[in-house]
Amino acid sequence: MEGDEAAVEQLRRSFDVAGSEALRRKFEEQNSAREAQIEEMHAWCNDLHTWCNEGKTEAEGAAFLPEQGVPSAPAPRRQRSWRQMARRAGAHPNLMASAPGVSASALSAGAFVRALETMEEELAIRMIPGERSVMLLQVSKTMRTAMQRVSPPAMIKVKEGQTFLTESVKNAMLDMMKWCRITTINLSNARIGIEGAGRLAAVLGQCAASLAHLDLCANGIGAEGAGSLAAALGQCASLAHLDLGDNFIGTQGAGRLAAVLGQCASLVHLDLGLNAIGAEGAGSLAAVLGQCASLAHLDLGDNFIEAQGAGSLAAVLGQCASLVHLGLYENRIGDEGAGSLAAVLGQCASLAHLDLYENRIGDEGAGRLAAVLGQCASLAHLDLGVNEIGAEGAGRLAAVLGQCASLAHLDLSGNKIGDEGAGRLAAVAERCPSLTIYFERS
């Protein structure tokens, strides 16, 4: 018995170190190879369980195999003997490579069975890839049992651009929620549409306690789908990352989401870019942002919020103490919107990244931003590319850049700053080696 236990321990260690790591690496390199290996492991565990349940002895197993070790006729799948199991273990490179002194055939059936449940639990946890994802693959009954015992954290993900959220996929997700603690659902670019959003909303409550990351970008869920999801998101107290970008939820969808965001106390990352929410939708969101105390990343780019929407957001930015990243690119906020933001930037102590790319900001807006940049102690990245800033605006920015100790990246590419503006920026760049400035002379 002591020899058995020592051999089992060595086998388990070889499984832990060589098996799980090797298979995880193979998953990253080639999905098909990983799936085949895991299926082989599942079949091995199932076969061993069945063999033991049938009460076969080692002698019976030996009689089952001819002397040369090759069956004279194909045997039923569930009648492999202990010697076959031992041979499979001994031949499995991932199991035995790191334990050259261990012979699988030296293990008794009883000792192997005692280790089986522990090995299955390790498989349930460790054979989930490095990011702990589950690709909605079917798993064996043995593996389901092991997963239910340990309830490993897992991610549900479908193949990008290939899977609609059909009723069968929804049922598969429900099964995974029974077996695992779902921490991430990534259905980005899965074309789930309005109907799929409704199906997803119907099951979110099953993983509300554990769900931390929900990515549904580029799915065409529209305002109706956003409304269905909003009804369920209020239950997701652990939700930290929500990406609904490129879904054209519109003003109405933004309003439905805004109504529940205050309940998402853990929310850190919110991406609603490319959704055509307009100024009204921006106003609805602004009304609740002060309740999102943990919010660090907010992306509202390409939403046509214009100056009015920028003003609504500016009115509450001072309350967003955790905000680090604000993306307002391609929103046509103009000089007026830039001025509204400039008036409060000094209050945004944590803001490190501000993206105002392509917003029709001219010299006036650039000047108003320049007037407060010295107060932005944390600002490291400012994107003003593809605006309408000329030599005057570039000069006003250049005059204050020496006071911006934290600023490391300033993008003014795509503006018409001319030779005069370019010269003033180049002079600053020479004096501030830690600052990278992108610009053209045209």
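A short reminder: the numbers here are calculations on the coordinates, not readings from a lab. Quick caveat, the model's predicted, so the values are computed rather than measured. Every residue, glycine as well, gets a Cβ built from its backbone with ideal geometry; the counts of neighbours run over all protein chains shown.
Using θ = phi - 60° in the Karplus curve 6.51 cos²θ - 1.76 cosθ + 1.60, the 3J(HN,Hα) couplings for the range 167-180 round to 4, 5, 5, 4, 5, 4, 5, 4, 4, 4, 5, 6, 8, 9 Hz; x is entered for Gly and Pro. The label point for A399 and the one for S238, both projected 7 Å from the Cα toward the Cβ, are 5.4 nm apart.
Amide H to amide H distances under 5 Å link I361 with G334, E388, where only residues 5 or more positions off or on other chains count and H is placed in the peptide plane.
The relative contact order of the range 345-412 comes to 41 percent, based on Cα pairs under 8 Å that sit 6 or more residues apart. Under 5 Å from the amide H of D246 lie the amide H atoms of A218, G273, L274, N275, each residue being 5 or more positions distant or on a separate chain, with H modelled from the backbone and absent for Pro and chain starts.
You can think of it this way: the chain between R181 and T436 has 87.4 nm of extra reach, that is 0.36 nm per residue less the Cα-Cα gap. Taken about its Cα centre, the range 138-438 carries a charge dipole of about 1560 debye when Lys and Arg each add +1 at the Cβ and Asp and Glu each add -1 at the Cβ. If R0 is 41 Å, the Cβ-Cβ spacing of I194 and Q347 corresponds to a FRET efficiency of close to 0.55. Pair-distance distribution of the range 138-438: all C-alpha pairs, bin width 20 Å, starting at 0; shares per bin in whole percent are 33, 47, 18, 1. Note on the range 138-438: dipole from Cβ charges, positive end direction compared against G421, S151, Q319; the farthest Cα belongs to S151.
Computed 3J(HN,Hα) for the range 338-354, one whole-Hz value per residue from the Karplus formula 6.51 cos²θ - 1.76 cosθ + 1.60 where θ = phi - 60°, is 4, x, 4, 5, 4, 5, 10, 4, x, 8, 8, 5, 9, 5, 10, 9, 10, glycine and proline marked x.
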